[in-house]
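K.L.:
Here's a structure for you.
The values are calculated or read from the model by the stated rules, or taken from the named source; none is laboratory data. The structure presented is a predicted model; accordingly, all values stated were derived computationally and were not measured. Here Cβ is always computed from backbone atoms with ideal geometry, including for glycine, and neighbour counts include all displayed protein chains.
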Amino acid sequence: MSYQHIMVAVDLTEECDPVMKRAVALADGTHAKLSVVHVVEPMAMAFGGDVPMDLSMLQQQQFDQARERLDAFSTKYPQLLAEQRHLTYGQPRQEIHKLAEEQGCDLIIVGSHGRHGLALLLGSTANDVLHGAPCDVLAVRLKKDS
Ligand code: AMP
């Protein structure tokens with residue numbers, strides 16, 4: 001059985017390229033469709049959810065910047081047509097699962113730092129995405145110098 005539609009979750013850091021390259025190699029080998037998703041996290045989350053001010057304008061700017069960065073990143077990969085570049089707002093695990101389901105994806109690819117010690121206790125997006133995923137999940141190991 002080969003994969004038909006692969007969803008790559010990108011955090012838009014320089015670490016996206018090794019994750020994306022692995023996804024492209026896999027998609028090329030199986031003729032799968034590739035999509036990417038970046039989730040913009042609510043600013044209030046970073047402040048513990050309780051912020052006594054209106055963040056909507058800042059949030060809109062953050063969203064617009066993320067759109068520009070996602071488009072700039074995607075131009076490196078010609079197989080990522082505009083409708084295959086998804087930008088959503090919310091909590092990464094929830095949004096990635098929802099989108100993968102809506103798009104009928106059969107594989108989600110994320111980067112993984114292979115945390116250990118205290119960092120492991122804090123959890124990771126890769127770990128989070130794995131739990132309750134609607135399809136297979138591949139965690140691409142990110143080396144410190146990649
Ligand atoms: P982290 O555990 O936050 O270091 O992220 C590990 C991986 O989770 C990244 O390489 C991405 O694949 C994915 N990820 C993290 N944050 C986001 C985000 N905001 N949107 C989409 N994917 C993300």
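K.L.:
Test of understanding: among ARG67, ARG141, which residue is at pLDDT below 95 and more than 13 Å from the chain's Cα centre (by Cα)?
P.N.:
Testing whether each residue is at pLDDT below 95 and more than 13 Å from the chain's Cα centre (by Cα) leaves just ARG141.
K.L.:
Please go through segment 118-133 and pick out each residue that is at pLDDT 90 or above and among the small types (Gly, Ala, Ser).
P.N.:
Correct list: ALA126, GLY132, ALA133.
K.L.:
Which residues, taken from segment 1-24, are of a type in the set (A, V, I, L, M) and either within 16 Å of the ligand (Cβ to nearest atom) or surrounded by 14 or more Cβ atoms within 10 Å (Cβ to Cβ) (or both)? Working first, answer last.
P.N.:
Here is the first cut: in segment 1-24, the ones of a type in the set (A, V, I, L, M) are 1, 6-10, 12, 19-20, 23-24.
Answer for segment 1-24, where residues must be of a type in the set (A, V, I, L, M) and either within 16 Å of the ligand (Cβ to nearest atom) or surrounded by 14 or more Cβ atoms within 10 Å (Cβ to Cβ) (or both): ILE6, MET7, VAL8, ALA9, VAL10, LEU12, VAL19, MET20, ALA23, VAL24.
K.L.:
Report yes if some residue within segment 48-61 is surrounded by fewer than 18 Cβ atoms within 10 Å (Cβ to Cβ), at pLDDT 95 or above and more than 14 Å from ALA9 (Cα to Cα); otherwise report no. Walk me through it before giving the result.
P.N.:
As a first pass, look at segment 48-61 and keep what is surrounded by fewer than 18 Cβ atoms within 10 Å (Cβ to Cβ): 48-61.
Add one more test, that the residue is at pLDDT 95 or above, and what stays is none.
Within segment 48-61 (the criterion being surrounded by fewer than 18 Cβ atoms within 10 Å (Cβ to Cβ), at pLDDT 95 or above and more than 14 Å from ALA9 (Cα to Cα)), the answer is no, since none of the residues qualifies.
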